[in-house]
Amino acid sequence: MINFRRWLSVTVAGVAAASLGGMALAATVRSSPLLQSPLYGNIPRVTVRGVASATAPWVLDGKVTLTRTYLRASGKWMVIPAEYMATGAIVPKAMVGTTGGFPKLVADITDAHGGHIVTTPVVLTKKGTFHFNMPLHLTGPIREPIVLIGPPGRKPHTIGAWFAASNFLKQYGETTPAMIRSWTKASHGGSTTHSSSSGSSGGW
């Protein structure tokens, strides 16, 4: 946690400096991606790392790249579709195909250790287009980053809800042979097979 706090403080300083203007973008600095992902619209009533999704559904065509030196994220057609609200009611016709009147967005860079870095706001056009291109200076361990995008919160440097996110479902829903081997070894004392007199694996 000490290392992550250091990462957090340095990153906030970098984002703050970017908001002052005059700081060159870090696009010329080559850095291995920590995250490259499409952006997906939200699912109402889903909370990701303490951030609740909006009560209305959102869709978009977008992508995000995060390195230790910059955040790039862009999207188009980020609007409310003709689907269902968090209450289960159908989205009102007046809202369908609109941005819901939200003029700005922030990006919330989250880490599995529990940290949040919220960028300065960018414009969300009435057609649902936005662009983030911000320099960063991240240090220390960064584990399983997820980028959330939504309107600014009521307090400075917060996000109000998430409208879109990087592909956290793929991140947590996929497995590899190495993961299975390690889990099997940990669960069964090094044995890769087990038997049951009932013929059932049980557990659920």
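Since every read-out is calculated from the coordinates, none of them should be taken as a lab result. The structure presented is a predicted model; accordingly, all values stated were derived computationally and were not measured. A quick note on method: Cβ atoms are made from the backbone with ideal geometry, for glycine too, and the neighbour counts reach across all protein chains shown.
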If each K or R counts +1 and each D or E counts -1, the residues other than Thr125 whose Cβ falls under 11 Å of its Cβ total +4
Could you tell me the distance between the Cα centroids of region 65-79 and region 28-62, to the nearest Å?
9
Just add up the charged neighbours of Ala161: K/R +1, D/E -1, any other residue whose Cβ is under 15 Å from the Cβ of Ala161.
+4
Modelled label-to-label distance, Arg181 and Val123, 7 Å Cα→beta-carbon offset: nm?
5.3
